[in-house]
1. Please tell me if residue 84 is surrounded by fewer than 16 Cβ atoms within 10 Å (Cβ to Cβ), in the same structural domain as residue 136 (by TED's automatic domain parsing) and at pLDDT below 85.
2. All but one of (1) in contact (Cβ under 8 Å) with a residue 40 or more places away in the chain; (2) part of a strand (DSSP E or B); (3) closer than 21 Å to residue 37 by Cα hold for residue 93, so report the exception by its number.
3. For the stretch 21-29, state whether one or more residues are modelled with pLDDT under 55 and either assigned to a loop (DSSP other than H, G, I, E, B) or surrounded by fewer than 12 Cβ atoms within 10 Å (Cβ to Cβ) (or both).
4. Is it fair to say residue 84 is in a strand (DSSP E or B) and at positive phi?
5. If you check residue 134 against the conditions, is it within 22 Å of residue 48 (Cβ to Cβ) and in a loop (DSSP other than H, G, I, E, B)?
6. So if I check each of 55, 59, 73, 121, which one is in a strand (DSSP E or B), within 16 Å of the chain's Cα centre (by Cα) and surrounded by 14 or more Cβ atoms within 10 Å (Cβ to Cβ)?
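The values are calculated or read from the model by the stated rules, or taken from the named source; none is laboratory data. None of these values were measured; they are calculated from a predicted model. Virtual Cβ from ideal backbone geometry, glycine too; neighbours counted across all protein chains shown.
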């Protein structure tokens, strides 16, 4: 949760006795209140052939969940997705509003589609992409109730 904005004319004393302006304290609090963690997404309907590795990380800041997922392949492995079927079912937090993001092919440097984090669920719906051995990047954000 973002701390309330301070009065710009007030002066406060920090724990270590250094006199600071409230805006510095506010910004320090804001910038250090990030919670970033690795996460293992559960996919339904994701087509995989061969060696596929999924890495994911999420960051919380001010009631917003930011997520980044990488699906990489090796040794001829592929991944593919079907819109309306492929979903991530375990977003770290429930969405209080719909959120959006993108899916990109890192090798072709192209956007494959839009993701939707569904309000009232922990589900992230994915767009379609055909079988690819390229690394697929999924990222987005959604408001959560913290």
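1. Answer is no for this residue.
2. (2)
3. So far as the stretch 21-29 goes, yes, one or more of its residues are modelled with pLDDT under 55 and either assigned to a loop (DSSP other than H, G, I, E, B) or surrounded by fewer than 12 Cβ atoms within 10 Å (Cβ to Cβ) (or both).
4. Criteria not met by residue 84.
5. yes
6. When all the criteria are applied, what remains is 59.
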